[in-house]
Amino acid sequence: MILAAILAANAAPLAHELGVGVGVGYQGGDTVVAGGLGGDVAYRLGVGDHLQVHARVGPRLYLAPVLEADLGVGWRVPFGRGWSLTAGIEGAAMFGGVVRRVAADRIDPVLGAPWAVRVFVDPIEYRSGPFVLRTLGLAVGVGVDDPGGSLALGVHLFEVGFVGGG
Amino acid sequence: MLVLFLACVTPEAPLTDEAIGAAVDVAAGVDSDRLLTSIGIMVAAHATEEPVIVEPWGLPHRHLAGTERLVDLYAELGLAAEVEETDEDGWLAKNVIVELPGTSAPDEVVLLTAHHDVWFTGADDNSSGVAVLLEAARLFSATEHARTIRIVSFDHEEVGLLGSLRYYRDHADDDHVAVVNMDAVSFALHDPGTQSAPTGFTLPDVADFAVALSNAPAERPARMAAQLAGELPHPLKVQVALGADDNLYPGTGDFHRSDHSAAWTAGIPGVFFSDTTNFRSPYYHTEDDRIGTIDPAFGRSVAEEVIALVYALASETQPVGEQP
C-alpha cells in the first residue's frame, strides 16, 4: 500500500533486479536456535534513484536445514561512479529446522516460524551496465516472537544481480 | 486472532500431577553416597587394567575390567546382567544389559543407557553415568512399571560408538519406544565464566546445569524432562533442546558425540543428558578426570532427573509422543 502510494505520487521509474548470492542467517536465544550458511535467490525493486524493496529466500545449513525468507526496504545512496550503499530495515523468518528450547519454568516451546526485525546495510554495491555486485552485507536485529529474547544476524557474503528496466 | 491461534497450538504440559508425583517418589530414593561409591569402584576397576593406546587419539583406553566389575555390581543388587559380545573389525565389544520386565506392556522397551569404556580411568566420563545406571537398576527393580526398562551399558563409545551401533543394529526388531542416554553427568562448576557453548548456541554462564538434547520424535520426553526438573527432591537446572527433525543437528557434530546418536539414526525417540564435558571441564579426556572432581550434589540431581524421566516413560502405555 505504501509502495503503491509512493509509485502513484512520484511515478518514479522502476528497476527490477534478480540476483543470486551466498549468505549466513542466524536467529538464536533462550527459546529458539536456527540458521547456517547457504545460497540465496533475491528480487529487488528499485523505485527511482533511492528507494529499494527486496525479497530474498535461501536455505541455511548448520543445525537442521532451515529456509530463511527476508523482506525489506532500504534507501540507496550513490557515492561514486557506479558505487553505492543501501541501508534499511527487513523482516527475516526461519522455516523448517528450528531447534526449540524449553526449561523447567518454560516447558512449552515457541511454535511457528521464528522471525526477527533487522536493520541492514549493504555497504559495497557496484553497478556496471545491467550487472550489480554486492558484498559484505550485514543485518543485525532481534527476534520478535521469542519471549526469551534472541539475536538475529545476517551476513551476505556476496550477491550478483541483473537489472532490467520497468 | 493471532493470540487465539497461538493458544490453540500451545501444547499441553506432558505430565499430569499424578504422574509427576509417582516419578518423583521413585527418584527420591536416589542415594548420593551410593552414586559416589559406584563411581569410585568403577574408577578403581579401570585402574587395574593395562590400557591400550588407541589411535588417532593417542589416549589410553580401558574397558574390560570395568565390564567385569559392572556385572559384579549388578549381582550385588541381586540382578543378573547379560554381557552381549560382538567381535568385529578387531574390536571386541561387551555391552552389559539388565532387563526389568514391564507389567502390562512388556514388549515395549524404555532404554536407559550410558557407556562404561573410558579414556584413562574416566570418573565423570563416564563412570558417573554408569553409577546412575546402577542406582536406576536398584530403584526400578523394586517398582512396577508398565513397560520393560532395559538398562544398557555400552562398550567402546569412546572409539566410535561401536557398542551402541552394534546394539541398535542387532536389536532392530525390538520395540524401543524411547531411550535416555547419559554421558558425563557429574561435573559442575559454580563460578561465572565457567561455561562455554557450541557455536550458535547460548548457555548460562555458570556451569551448574545439565543439558538434555532430543531428536524430534522425543519432543514430548524432552518436555517431560523440563517439567520434572523443577519437581525433583533436589531440583536440577537443565537446558533442554528439542530436535528440529528426526536426526537432529546434521550440520554440527557436537550433538552426536555419544551413544544416543546411534539411537537417533535408528529413528528411536531419544533424550541425551550430559554436563557438556569439554564445554566446561578442564579434565575432559585427561588423567585428571578423577573422583575428586565429581560434584556429588549435581550428580544426585541428574540421577533423580533421569530416573524420574525413565520411570514416567515406563509407566505410560500410549506412544511417547501422545498425551495419556
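The values are calculated or read from the model by the stated rules, or taken from the named source; none is laboratory data. The shown structure was predicted, so the numbers you read here are calculated from the model rather than taken from an experiment. With ideal geometry, Cβ positions are generated from the backbone for all residues, glycine too; neighbour counts draw on all protein chains shown.
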Name the residue, out of B:236, B:242, that is at the interface with another protein chain (Cβ under 9 Å from one of its Cβ atoms), closer than 15 Å to residue B:306 by Cβ and among the hydrophobic types (A, V, I, L, M, F, W, C). B:236
Of the residues in region B:233-256, those that are surrounded by fewer than 24 Cβ atoms within 10 Å (Cβ to Cβ), in a loop (DSSP other than H, G, I, E, B) and modelled with pLDDT of 90 or more come to B:233, B:234, B:235, B:237
Return yes when residue B:231 is within 14 Å of chain A (Cβ to nearest Cβ), touching a helix residue (DSSP H, G or I) at 6+ places or on another chain (Cβ under 8 Å) and in contact (Cβ under 8 Å) with a residue 24 or more places away in the chain and no when it is not. yes
Selected residue (only one of B:40, B:66, B:102 is modelled with pLDDT of 95 or more, within 21 Å of residue B:221 (Cβ to Cβ) and surrounded by 14 or more Cβ atoms within 10 Å (Cβ to Cβ)): B:102
Please verify whether region A:3-12 includes one or more residues that are over 16 Å from residue A:154 (Cα atoms) and part of a strand (DSSP E or B). no
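For residue A:108, state whether it is within 14 Å of another protein chain (Cβ to nearest Cβ) and among the charged types (D, E, K, R).
Judged against the criteria, residue A:108 is a match.
Only one of B:225, B:212 is surrounded by 24 or more Cβ atoms within 10 Å (Cβ to Cβ), assigned to a helix (DSSP H, G or I) and within 14 Å of chain A (Cβ to nearest Cβ). Can you tell me which?
Values: B:212 fails: assigned to a helix (DSSP H, G or I).
The match here is B:225.
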Pick out the one residue from A:98, A:33, A:110, A:102 that is crowded, with 22+ Cβ neighbours inside 10 Å, touching a helix residue (DSSP H, G or I) at 6+ places or on another chain (Cβ under 7 Å) and within 30 Å of residue B:15 (Cα to Cα). A:102
Identify, from the list B:186, B:196, the residue that is more than 26 Å from residue B:321 (Cα to Cα) and under 14 Å from the mean Cα position of the chain (by Cα). B:186
Quick check on my filter: what residues within region B:158-196 are of a type outside the set (Val, Ile, Thr), buried (at least 16 other Cβ atoms within 10 Å of the Cβ) and under 17 Å from residue B:281 (Cβ atoms)? B:158, B:182, B:183, B:184, B:186, B:187, B:188, B:189, B:195
Which residues, counting only those in region B:143-173, are more than 24 Å from residue B:118 (Cβ to Cβ), touching a strand residue (DSSP E or B) at 6+ places or on another chain (Cβ under 6 Å) and assigned to a loop (DSSP other than H, G, I, E, B)? B:146
Region B:167-202, residues that are polar (S, T, N, Q) and modelled with pLDDT under 95: B:199, B:202
With the first residue restricted to region B:177-203 and required to be within 14 Å of chain A (Cβ to nearest Cβ), and the second required to be part of a loop (DSSP other than H, G, I, E, B) and among the small types (Gly, Ala, Ser), Cβ contacts under 9 Å at 6 or more apart or on different chains are B:203/B:196; B:203/B:197
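Would you check if residue A:27 is within 14 Å of another protein chain (Cβ to nearest Cβ) and crowded, with 19+ Cβ neighbours inside 10 Å?
yes
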Test: residue in region B:70-81 that is under 23 Å from residue B:284 (Cβ atoms) and assigned to a helix (DSSP H, G or I): yes
Those residues of region B:291-324 which are outside any helix (DSSP H, G or I), crowded, with 19+ Cβ neighbours inside 10 Å and of a type outside the set (A, V, I, L, M) amount to B:295, B:316
